[in-house]
Structures are given as structure tokens and as C-alpha cells.
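So the structure is just underneath, and the comments pick up after that.
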Amino acid sequence: MIFSSLSSLLGTTPRIPCERAPRGNRAAFSLVEIVLAVGIVGFALITIIGLQPVGLTSLRASMDSTIETQIINQLFGEVSQTDFSRIERYEDSLLYFNADGHRVGSAAEARFQVQLEVVLPSSTFSPFPSAPSDIQTSLNTVRLEIGRSPAVSGETTRVHVFHVARSDKLL
């Protein structure tokens, strides 16, 4: 009675509980569907997480290859611009570079090590035996071997060879 008089004062009508729809007509997911969806999503996430180390290894190898190329270009430019009579100072040089490709002083702080070997021109050896003797004595061969520092077992070093011509003998 209090309720009816209160509702008439407020201008509202009392609420009547709704009837629920029969269970077969409701739109909802069953427990089996939810378990299957969670299983598929879980499988996909595990696969993606499992591929992450492979991707990171590939990324590191790509970065190393890029840095090695920069080191080779840097050394090629340095040796090429050195006076021909002073190139032998690179003979049996062991140089160290960090992960950014900058030269460092010791193997402890290095990621790459480079061994340089200079083959000075001589009449007994020439990379081009059929070339005239004045060309043979005007050409130095530089062999550059680059690898990880310290050397990682099973990893190969890469060898690059380039030739440096004597610029004062050019025509």
C-alpha cells in the first residue's frame, strides 16, 4: 500500500519482472565454443613466440653483415688513399672493431677482428701473370679476413681481396 501511494505521488508505475526468453532462443556462446577459441588463440600465440628467436637471430646476422660491409669499405678507402710506398705498414695488421663498426684498441671490447695481409708487388708473384712487368710492380694485393672477435666456434671468417694501384705510375 505504501508502495502504490508512493508511486502515484512520483508518477511512476511499479516494475513488473520480465519474462525470460526460452533457453533455445538466446544468442550466446557455449562453453565448447569458448574453449575452442581460446585453444586456437593460444596455439597462434605459442607459434608466434616460438618464431621470435629465429627472427632475432636473422636480424643479428643481417646487422653483422651490414657492419662488416662498412668495415670493409672503410679499410678499402683507407688503404687506397695511403701512399703506395707506405702500404706495407698494413702488413699482418690485426684490427678490432666494435658492434657499431668503430675501431677499438683491444679484443676485449671488440665484436669483429680483421686480419690484413698485403702482397707487395714483385717479379716472382703477380695476380695477373700475363700483364707487363711495369703493371705487375705497380699493383698491391690486399687480403682482408674478417670474423667475430673472439672467434665463435663453427663460424666462418670471410675473406675479401682487393688491388691497390700505384697512382704515380698512371698514364
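Full-extension gain between GLU91 and VAL41, please, as 0.36 nm times their residue separation minus the C-alpha to C-alpha distance.
On the way: separation 50, 0.36 × 50 = 18.00 nm, distance 5.96 nm.
That works out to 12.0 nm of additional length.
For each of ILE46, ILE146, ILE87, count neighbouring Cβ atoms within 10 Å of the residue's Cβ, then give the residues from fewest to most. Could you put the intermediate results ahead of the total?
On the way: ILE46 10, ILE146 23, ILE87 19.
With the sparsest Cβ surroundings first, the list reads ILE46, ILE87, ILE146.
Mind listing the long-range amide H neighbours of VAL104? Cut-off is under 5 Å, sequence gap 5 or more, other chains count too, H placed in the peptide plane at 1.01 Å from N.
Amide H neighbours of VAL104, under 5 Å, 5+ apart: TYR96, PHE97, ASN98.
Given R₀ = 41 Å, what would the calculated FRET efficiency be for ALA107 paired with THR137, taking r from the Cβ atoms and rounding to 0.05? Intermediate results must be reported in sequence, preceding the final value.
Details: r = 36 Å, r/R0 = 0.88.
For ALA107 and THR137, the calculated efficiency is 0.70.
When only DSSP loop residues count, what chymotrypsin sites (Phe, Trp or Tyr not before Pro) in the range 26-78 have their Cβ near at most 11 other Cβ atoms within 10 Å?
Numbers: sites: PHE29, PHE43, PHE76; in loops: PHE29.
Loop-located and lightly packed - PHE29.
Since every read-out is calculated from the coordinates, none of them should be taken as a lab result. Everything numeric in this text was worked out from a predicted model, so none of it was measured. Methodologically, a virtual Cβ is constructed for each residue, glycine included, from the backbone with ideal geometry; neighbour enumeration extends over all protein chains shown.
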